[in-house]
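First the structure, in the form of structure tokens, and then the observations on it.
The values are calculated or read from the model by the stated rules, or taken from the named source; none is laboratory data. Here the structure is a predicted model, which is why all the values come from computation and not from measurement. Every residue, glycine as well, gets a Cβ built from its backbone with ideal geometry; the counts of neighbours run over all protein chains shown. These accessible areas exclude ligands, DNA and RNA; they are computed on the full protein's heavy atoms, side chains included. Shrake-Rupley method; radii C 1.70, N 1.55, O 1.52, S 1.80 Å.
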Amino acid sequence: MPPRWPKPPTRQDPDYRKMDDRVTLATHVMLFATGSSGLTFVKLVRQAEWPWYAPVVLSWLSLLVIHALWVLVIARYPGSESSSSSAANGSSGGSS
């Protein structure tokens with residue numbers, strides 16, 4: 001079932017942008033898994049020696065890792081409800 005969005009979707013909304021970036025990353029992971037396993041299957045069935053196989057798969061994997069680092073670690077979404085609630089939880093922890 002696709003995720004539902006409670007308000008009109010727009011890339012200017014930080015919460016929507018965060019969810020959209022993560023969905024795009026999941027699509028990238030799915031395409032990499034499908035593509036690389038398909039190439040591996042064909043390579044093994046045909047017993048082929050493809051000199052381009054390893055550089056293509058490793059390059060694609062490195063792009064996937066960079067994409068994951070960007071979405072999960074580096075990207076910030078100012079004004080996002082999840083970032084403001086985590087900041088509020090972190091500041092209230094020391095006042096008890």
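To keep it simple, each residue is scored yes or no on (1) open to solvent by less than 70 Å² (accessible area, probe 1.4 Å); (2) closer than 24 Å to D15 by Cβ.
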site: F32; (1), (2): yes, no
site: S37; (1), (2): yes, no
site: Y53; (1), (2): yes, no
site: L58; (1), (2): no, no
site: L64; (1), (2): yes, no
site: L72; (1), (2): no, yes
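For the stretch 39-50, the set of residues classified as in a helix (DSSP H, G or I) and surrounded by 10 or more Cβ atoms within 10 Å (Cβ to Cβ) consists of L39, T40, F41, V42, K43, listed by residue number. If the condition is being without any contact (Cβ under 8 Å) to a residue 12 or more places away in the chain and either open to solvent by less than 100 Å² (accessible area, probe 1.4 Å) or closer than 14 Å to T24 by Cα (or both), then the stretch 74-83 contributes only I74. In the set (1) modelled with pLDDT under 85; (2) within 14 Å of the chain's Cα centre (by Cα), H28 fails one condition alone, (1). Whether any residue in the stretch 62-84 is aliphatic (A, V, I, L, M), at pLDDT below 95 and in contact with an Asp or Glu (Cβ under 7 Å, 6 or more places away or on another chain) is what I want to check. Yes, the stretch 62-84 contains at least one residue that is aliphatic (A, V, I, L, M), at pLDDT below 95 and in contact with an Asp or Glu (Cβ under 7 Å, 6 or more places away or on another chain). Please work out which residue is nearest to Y77 (Cα to Cα), limiting yourself to the stretch 4-25 and to residues that are out of contact with any helix residue (DSSP H, G or I) (no Cβ under 7 Å at 6 or more places or on another chain) and surrounded by fewer than 11 Cβ atoms within 10 Å (Cβ to Cβ). In this case the residue turns out to be Q12.
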